[in-house]
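> My structure is below; once you've seen it, I'll send some questions.
The values are calculated or read from the model by the stated rules, or taken from the named source; none is laboratory data. Since we're looking at a predicted model, the values are computed, not measured. Cβ: placed from backbone, ideal geometry, glycine included. Neighbour counts: every protein chain shown. Quick note on the areas: whole protein, heavy atoms, side chains included, nothing else; ligands and nucleic acids left out. Shrake-Rupley method; radii C 1.70, N 1.55, O 1.52, S 1.80 Å.
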Amino acid sequence: MIGELFDPRKEFGKAVTEAAASNPDVVVFSADSGKSSGFGEFMKKYPERYFECGIMEQGVVGAAAGMATTGKIPVFCAIAPFVTCRPYEMIRNDIGYMRQNVKLVGRNCGITYSDLGSTHQSLDDFGLMRLIPGITILAPSDPGEIQEAVKAMLAYKGPVYMRIGNPKIPQIFEQEPFVIGKGKLLREGMDVTIVTTGSTTGSALKAVLELEALGVSTELIGMPTVVPLDRELVRRSAAKTGRVITVEEHYVCGGLGSLVTEELSDLANVMVKRMGLPLDYAKTSGDYEELLAYYQLDHNGIVNGVKEFLQ
Amino acid sequence: MSDKRKAIELMIKAERCRENVIRMIRAGGHGHVGGAFSAIDLVAALYFHAMNIDGADAKNPDRDRFLLSAGHKCLAQYGVLAEKDFFEKEILDTYGKLGSLIPGHPDMHKLNGVEANTGALGHGISIAAGMAMAGKLDQKAYRVFVVTGDGELPEGSNWEGAAVAAKFGLDNLVVFVDNNGLQISGAVTEVMSMEPIDCKFRDFGWAVTEIDGNDMEQILNVLEQLPLEKGKPTAVICKTVKAKGLSFGENQTDFHFWNASEELLRQAEAEMEERIAGLQKQLEEMKQ
């Protein structure tokens, strides 16, 4: 139901477990990260397909890639920086270069580990993953989209990195099938385009409603697939409004903002502003919502960002 | 057939494979000959004696798998694959050339028989463990063979893979450590010693043995015994000689990567032909 709150990790784990019922190739790797990734049910139902390896992300990614060469579909979920940064070379070579059908999922993404500091926050995962040729990057925005993204990810043959959060999130949209590579035109407008992804989508939608009340006609694009970017949708909207602002729970460089800026760099009369976190380590810690507000990534921050951009 | 006779036949094969390596180095002008020649006797024995694999059906899901964790030893595998008819020998002459199917580190998407894109060190054991885990899960009989270099053992990822292999009881996985004792910067024991290597694998829960990795009879003997222990992965520490078979290059760090001259290439070929002639003579004598 719209507005109802769900734990993204449980929704993710549930969706994988459901898919595993009809697909015997789905296997799960854990680096001491199974239960907290929502795999409690999977462990009970499919113990022979659940591989607990302890805290060793390099070994897990290598073994997952090796297993994928035989036709299995390994899913590995853990805290986002430990999935992406720690075994980066294994992702690059064993999964990317070897083109293996492994699904990596970084949970507690962005600054959702708001009080644990930079070691546990992932503000560079889009940037890191996008530099590995052939990897698809997904960032679903609500519980229903997570479930649908999991289905699409497991049905798709190729390496995928998906990012999900930690705190409960509301259902924003009616659940519909997830199409990898397709952005969503969530609101149509004429003055400015907001392009956002994943966790900031709800705040951006709220900001758009406020901006409209202030007389700013705002187009909103949700990008649950970050790579490959829905280039056509971005270009069409940019050509219409001439002003594009990207919003993401990621560094302002390397992620969605960089992708959109690169895409639009050959268009005359288009300005782009990127909203995200500065390329820096955590300056402060605390409550997640407070921290989002501190970094201007709550709906008020987005409204102010758009207003400044249009001045 | 006697073990001795089988060993001599495989030694001849290994020399033919060495000749293929020389052919590649002539084409490219250089190559990682040291590690290729220390490991090539073992690789030849695996393909010509132990492994259930066929170049005409190289993607068969039931095949045995061979991975080079030390991907720079790929000349050894290319040399053997060519001799085993996985590809036309003319491809050997493309080594180092634009568009070659046999690049300086192996690429599984270019050449049948290559199971993993290695080159960065310390990846092979984990990848192989994943393959072996799938074999157990699917109750398949295939085995997974890995060659690692001794110089790559300080990579911590090896030991992550070693722990996984032990935990999941992968007795369908065999790792051969090509213990030639030399790496680019000098003696492995001086650069970063991982001795005693056998104890490290044993402590991780592996069954371990040691052989002379350039002695074909010892290689055949160990291949007959696999797995050394049911329920455990096997590590075979192969004491080898770097650049084995090049009289002018054996046990020399400079021959880790060889910028070859035509004169020495010819000398190498002459030495190989001489050894092959000697081995064939031994075979003839055994017939009589």
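> For chain A, with a Gaussian network of springs between Cα atoms less than 10 Å apart, report the residue from A:Q121, A:Q175, A:Q100 with the top mean-square fluctuation.
The residue that fluctuates most here is A:Q175.
> Taking all protein chains as present, what is the carbon and sulfur share of the accessible area of region A:184-310, in % to the nearest whole number, probe 1.4 Å?
Ligands and nucleic acids excluded, carbon and sulfur give 50 percent.
> Also, quick follow-up: Would you calculate the separation in nanometres between label points at A:L214 and A:E232, each defined as 7 Å from the Cα along the Cα-to-beta-carbon direction?
It works out to 3.4 nm between the two label points.
> Okay, next question. How about region B:121-138: which of its residues lose at least 20 Å² of accessible area in the presence of all protein chains relative to their chain isolated, using a 1.4 Å probe?
B:H123, B:S126, B:I127, B:G130, B:M131, B:M133, B:A134, B:L137, B:D138
> Starting from the Cα of B:A270, step 7 Å along the direction of its Cβ; do the same at B:D85; then give the gap between the two resulting points in nm.
Here the answer is 3.4 nm between the modelled labels.
> How far apart, in nm, are two points set 7 Å out from the Cα along the Cα-to-Cβ line at A:K182 and at B:E210?
It works out to 6.3 nm between the two label points.
> Using all Cα-Cα distances in region B:179-245, what percent lands in each 5 angstrom bin from 0 up to the longest?
The percentages, shortest bin first, are 4, 16, 22, 21, 19, 12, 5, 1.
> Let me ask another. Cut-off under 21 Å on the C-alpha distance; same-chain residues fewer than 8 positions from B:K110 excluded. Which lysines are left, in chain and number order?
Partners within reach: A:K157, B:K59, B:K73, B:K84, B:K89, B:K97.
> Let me ask something else about it. With equal scatterers on the alpha carbons only and no solvent term, can you work out the Debye log10 of I(q)/I(0) for region A:184-310 at 0.10, 0.14, 0.15 1/Å?
Per q value, in the given order, log10 I(q)/I(0) is -0.27, -0.54, -0.62.
> Would you mind counting up the charge near B:A166? Only other residues with Cβ under 14 Å from its Cβ, with Lys and Arg at +1 and Asp and Glu at -1.
Surrounding charge for B:A166 is +1.
> Right, another one. Where in region A:19-57 does accessible area fall by at least 50 Å² between the isolated chain and the complete protein assembly, at a 1.4 Å probe radius?
So the qualifying set is A:F51, A:M56.
> Probe radius 1.4 Å, ligands and nucleic acids left out: can you give me the accessible area buried at the A-B interface, summed over both chains, in Å² to the nearest hundred?
Buried: approximately 2100 Å² between B and A.
> Now for a different question. Under 5 Å between amide H atoms, partner at least 5 residues away or on a different chain: which partners does A:D298 have, H built in plane at 1.01 Å?
The list, which skips near neighbours in sequence, is A:A293.
> If you don't mind, another one. Remind me, what semi-axes does chain B give for its equivalent ellipsoid, largest first in whole Å, using sqrt of 5 times each Cα gyration tensor eigenvalue?
28, 21, 20
> Under the rule of at least 5 residues apart or a separate chain, name every residue whose amide H is placed under 5 Å from the amide H of A:I137.
Here the answer is A:Y161, A:V226, A:V227, since their amide H atoms fall under 5 Å of that of A:I137.
> Per-residue ellipticity at 222 nm for chain B, helices alone: DSSP H runs ≥ 4 residues times -39500 (n - 2.57), over residue total, nearest 500 deg cm²/dmol?
Estimated from H runs of four or more residues: -13500 deg cm²/dmol.
> Just the number, please: carbon plus sulfur as a percent of the accessible area of chain B, 1.4 Å probe, no ligands or DNA/RNA counted.
47
> Next up: Output ³J(HN,Hα) for region A:40-46: one whole-Hz value per residue in order, computed from phi by the Karplus curve 6.51 cos²θ - 1.76 cosθ + 1.60 with θ = phi - 60°, and x for Gly and Pro.
So the Karplus estimates, Gly and Pro as x, are x, 5, 4, 4, 6, 6, 10 Hz.
> Kyte-Doolittle cut-off 1.6, length cut-off 15 Å along the helix's own axis using Cα: show which whole DSSP H helices in chain B pass.
Both cut-offs are met by B:33-45.
> OK, next. Take every Cα-Cα distance within the protein assembly as shown, group them into 10 Å bins from 0 onward, and report for each bin the whole-number percent of pairs it holds.
Reading upward from the zero bin: 3, 16, 23, 20, 15, 12, 7, 2, 1, 0, 0.
> Follow-up. What longest region of chain B stays clear of chymotrypsin sites (Phe, Trp or Tyr not before Pro) that DSSP places outside H, G, I, E and B and that have at most 15 other Cβ atoms within 10 Å?
By the stated rule (loop sites, at most 15 other Cβ atoms within 10 Å), B:1-247.
> Quick one: which residues, 5 or more positions from A:I194 or on another chain, have an amide H under 5 Å from its amide H? H modelled 1.01 Å from N in the peptide plane, none for Pro or chain starts.
The answer is A:E219, A:L220, A:I221, A:I245.
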